[in-house]
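The values are calculated or read from the model by the stated rules, or taken from the named source; none is laboratory data. Treat the numbers as computed from the prediction; the structure is a model and nothing was measured. Glycine also receives a Cβ, built like all others from the backbone with ideal geometry; neighbour counts cover every protein chain displayed. Heads up: the accessible areas ignore ligands, DNA and RNA and are worked out on the full protein's heavy atoms, side chains in. Shrake-Rupley method; radii C 1.70, N 1.55, O 1.52, S 1.80 Å.
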Amino acid sequence: MKFTTALSLLACAISTNAFAPMVPQRQTTALQMAGVLAKTTGRSALDPAVIAKYRDLPFPADKVLAEYVWVDAAGNPRSKTRTLPAAKAESIETLPKWNFDGSSTGQAPGDDSEVILRPCRIFRDPFRPRNDGLDNILVMCDTWTPAGEPLPSNARAAAAKAFEGNEHEEIWFGMEQEFTLFNLDERTPLGWPEGGMPSRPQGPYYCSVGPENSFGRDITDAHYKACLYAGIEISGTNGEVMPGQQEYQVGPCVGIDAGDQLMMSRYILKRVCEDFQVYCTLHPKPIVDGDWNGAGMHTNVSTKKMREEGGLEEIKKAIYKLGANHKEHIAVYGEENHLRLTGKHETASIDKFSYGVANRGASIRIG
């Protein structure tokens with residue numbers, strides 16, 4: 001059965017003209033001949049040979065780089081890097097806690113801004129590979145106050161508490177994460193004309209091939225391989241119904257590990273898009289004009305009893321509980337889901353709970 005969730009990514013912009021630094025008389029950087037990098041040029045204006053000169057420097061034999069990743073108040077991934085002795089990076093138990101300025105991520109006030117990062121899960125770092133027998137690492141963390149209380153944005157702590165003591169249920173999750181790729185103007189999806197609409201309606205783009213149908217395959221392939229390298233249980237990918245929209249799947253994963261793997265896969269997706277200089281959003285309805293599908297995250301879930309003989313009755317028990325708390329659940333599924341959950345475009349109405357077998361217009365689909 002599937003629960004539909006969505007995550008809104010918030011974007012903000014500020015004017016920078018009033019704060020532009022004075023340009024020195026002499027420039028000594030490699031960008032002197034190229035000029036100041038424009039937003040639309042991105043990495044393409046950087047000399048690959050210059051990048052390679054630093055990327056190919058060897059790492060110290062007794063040290064690793066650890067990228068600590070966490071989720072901010074808006075649900076976006078954040079990260080920062082530290083150097084650790086190789087021995088400390090071998091397990092979660094030996095990794096040290098860290099801290100950050102929560103006032104800059106919407107997670108603490110300025111007069112009490114200290115937030116503690118607690119390591120929860122280790123992944124290999126696909127962005128800093130090495131060939132000396134060691135791995136640089138990505139560290140999925142959750143967020144705590146110095147007094148040891150989970151932050152309000154720390155949904156992982158609440159989830160871990162719910163899973164605790166229920167290991168015998170062997171809860172499996174399989175997550176289908178949809179996302180939309182845009183040009184850096186953040187208005188034009190890949191494959192769309194600037195300021196306009198595609199000449200054909202949606203239909204030929206789903207699981208498509210060909211330059212007239214598929215947009216962003218190199219990005220999804222890069223993300224796929226990076227997730228595999230990291231140790232994420234990514235199990236598939238495909239083009240989605242709207243041009244410029246894609247999907248990947250993570251799982252099956254058991255218990256709290258599902259959330260750790262999903263959030264790290266989202267972080268890796270953002271990093272890959274950073275390299276390709278493409279804007280990526282998980283917004284549930286990035287294009288509201290026209291006859292276009294939104295983007296969500298369908299979640300396949302089952303307990304051990306649901307997978308055994310007579311499991312359909314167990315599934316129905318869970319469905320009835322979900323239906324009785326529909327409004328409460330919708331309230332925490334993310335912002336602006338009302339734009340997507342309209343009862344159209346393969347969705348259920350946000351106001352009405354429903355379920356059915358193989359019914360893509362239901363809140364819960366039994367498969």
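Observations on the model:
- Residue count, region 164-200 (criterion: open to solvent by 40 Å² or more (accessible area, probe 1.4 Å) and farther than 29 Å from SER235 by Cα): 8
- Restricting THR342, THR347 to residues that are under 22 Å from GLY244 (Cα atoms) and open to solvent by less than 50 Å² (accessible area, probe 1.4 Å) narrows the list to THR347.
- Applying the condition of being open to solvent by 70 Å² or more (accessible area, probe 1.4 Å) and within 26 Å of the chain's Cα centre (by Cα) to region 130-154 and asking which residue is nearest to LYS97 (Cα to Cα) yields GLU149.
- Out of CYS273, CYS280, sole residue that is of a type outside the set (D, E, K, R), buried (at least 19 other Cβ atoms within 10 Å of the Cβ) and in contact with a helix residue (DSSP H, G or I) (Cβ under 6 Å, 6 or more places away or on another chain): CYS280
- Test: residue in region 103-111 that is part of a helix (DSSP H, G or I), of a type in the set (Ser, Thr, Tyr) and modelled with pLDDT of 50 or more: yes
- Pairs, first closer than 12 Å to HIS283 by Cα in region 334-345, second in a helix (DSSP H, G or I), C-beta under 7 Å, six or more apart: ASN337/ILE330
- Looking across region 245-287, just one residue is β-branched (Val, Ile, Thr), under 15 Å from the mean Cα position of the chain (by Cα) and assigned to a loop (DSSP other than H, G, I, E, B), and that is VAL278.
- Subset of region 314-333 (residues that are touching a residue at least 12 places away in the same chain (Cβ under 8 Å) and assigned to a loop (DSSP other than H, G, I, E, B)): TYR333
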